[in-house]
Amino acid sequence: MIRAIRNIWKNEFFKNVATLISGTTLAQAFSVIIYVVLSRIYTEEDFGVFGLYMNILNIVVIFSTARYDQAILLPKSDRESMNLLGLSGLISVGISLVLLLLVVPLNDTICRWLGSNEISTWLYFIPLSTLLVAWFTILKNHANRDKQYRLIAGANIGQSVGNSLTKLGLGFLVAGAAGLISGVVFGQLAGFLVFFAIQLPSLRMRGSWLSFSEMRRLGRKYSFFPKFNMWQALINNLSAAFPVFLFSSFFSTTIAGFYTFGFMIIHRPVHLVGNAFYQVIFQRFVEKSHNKEPILPELYLFIRRALQVMLVPFILMGIFAPEIFGFVFGENWTEAGVYARFMLPWIFMVGLAMPLSFMPDMYREQRKAMIIDGIRLFLRLLGMVIGIVYNNIYLALVLYSGASTLLIGVNLIWYIQLARKLPPADPSEHGTDSL
């Protein structure tokens, strides 16, 4: 047994994952402890406004780099990768400026659509958050390419701690959702600064490689990212945002707050751990594809390990979620535990499939991925509409979660089928017309 554990630790793949998860675990443990306090400081309405802000941000941030940041790991050449970083950064600055110009005239209209006047002031922070998230992601992908997993873990910790401490401190000083949203912005800034401070020497050294003509060439070479990947991500994030938007508009901000809180508590640890696997698996699979090595065995290994780790906690949460939420966060949040119970099958599938979501990019199958996500968007929206028509929040959640579980399962089966063959070594082998 001890020898088996030592062999696992010697494996580079699991060692890199462990490095990322160690930072993730510390950040998540700190965050959960803080949320025990935050649930007693902030109201359901505050979390509803916070949920609106985060879902608006999750949608607009998709355009912030035109998804070219996702291509940073793909080229063999470090020079090309650096120019993709520069291209992503320039686009993010332009998009953030456009958002700033749009927020002023559209502020009242957006508030009416969402049924919340409380979000008005915070809409002006969306451009700044968009820029910080974009650069955090850009620098994280750059660090991932160089296998700087300790740096990524440190940045995740910096982001989580900055986020949580600001929420906690302002929660005692300022009423409403101000502390929650300010915490997010400060956490985004802290995470970006960790990456920027450590990577600055490397960025300076490679800065001479940057060229506008090279950026334009790579923009055309990897044009399938804005053509397909960006719109796929928009469809995906829109469908994920529907519950908060529709609950706020057709039920109440309180209902949206219960959903936001329940979703955050069960989704965040799954997302953080899944993201750690995503970064290592993405880098490793790209490396293997360059060397023409099979990836299917490691894909199966990941799925088996994920099932072993996730199954028991999810079963226990499914049985006791309302009681756990009421005991840990206070009786006011028992209803959020009921909502979380309905979401568990969907989040379970996210834990299995999200770390492999780069597969369509590797195999130049973004068009098919976009179609699958489009079907999921339709089914999710249909489920929500049925629940709204019957004025039944539980029905809406069951149908929404069921559609999500089904389509993510379809994606997972598709990823396994893709892994049975070797991906193209370089996007230029096929060009964008073949998509």
Can we say residue 325 is more than 22 Å from the chain's Cα centre (by Cα), assigned to a helix (DSSP H, G or I), aromatic (Phe, Trp, Tyr) and surrounded by 18 or more Cβ atoms within 10 Å (Cβ to Cβ)?
-> yes
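Considering only the range 239-279, state which residues are small (Gly, Ala, Ser), touching a Leu at 6+ places or on another chain (Cβ under 8 Å) and either closer than 18 Å to residue 390 by Cα or at pLDDT 85 or above (or both). Don't jump to the end; show me each part of the working.
Within the range 239-279, the first condition is being small (Gly, Ala, Ser), and the residues that meet it are 239-241, 248-249, 252, 256-257, 262, 274, 276.
Checking the rest, the ones that are also touching a Leu at 6+ places or on another chain (Cβ under 8 Å) come to 239, 248-249, 256, 276.
Correct list: 248, 249, 256.
Here's the yes/no breakdown for (1) surrounded by fewer than 15 Cβ atoms within 10 Å (Cβ to Cβ); (2) touching a residue at least 60 places away in the same chain (Cβ under 8 Å):
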{"site": "64", "(1), (2)": "no, yes"}
{"site": "80", "(1), (2)": "no, yes"}
{"site": "86", "(1), (2)": "no, yes"}
{"site": "106", "(1), (2)": "yes, no"}
{"site": "111", "(1), (2)": "no, no"}
So which residues in the range 85-127 are farther than 28 Å from residue 214 by Cα and within 20 Å of the chain's Cα centre (by Cα)?
-> 125, 126
Can you name the residue in the range 378-396 that is buried (at least 20 other Cβ atoms within 10 Å of the Cβ) and touching a residue at least 24 places away in the same chain (Cβ under 8 Å) and is also nearest to residue 222 (Cα to Cα) among such residues?
-> 380
Determine which single condition residue 163 fails, assuming it passes every other condition in (1) farther than 15 Å from residue 136 by Cβ; (2) in contact with a Gly (Cβ under 8 Å, 6 or more places away or on another chain).
-> (1)
Breaking point among (1) without any contact (Cβ under 8 Å) to a residue 40 or more places away in the chain; (2) surrounded by 18 or more Cβ atoms within 10 Å (Cβ to Cβ), for residue 277 = (1)
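The values are calculated or read from the model by the stated rules, or taken from the named source; none is laboratory data. Just so you know, these numbers come straight off a predicted model, no measurement behind them. Neighbour counts are summed over all protein chains in view; Cβ atoms, including those assigned to glycine, are modelled from backbone coordinates with ideal geometry.
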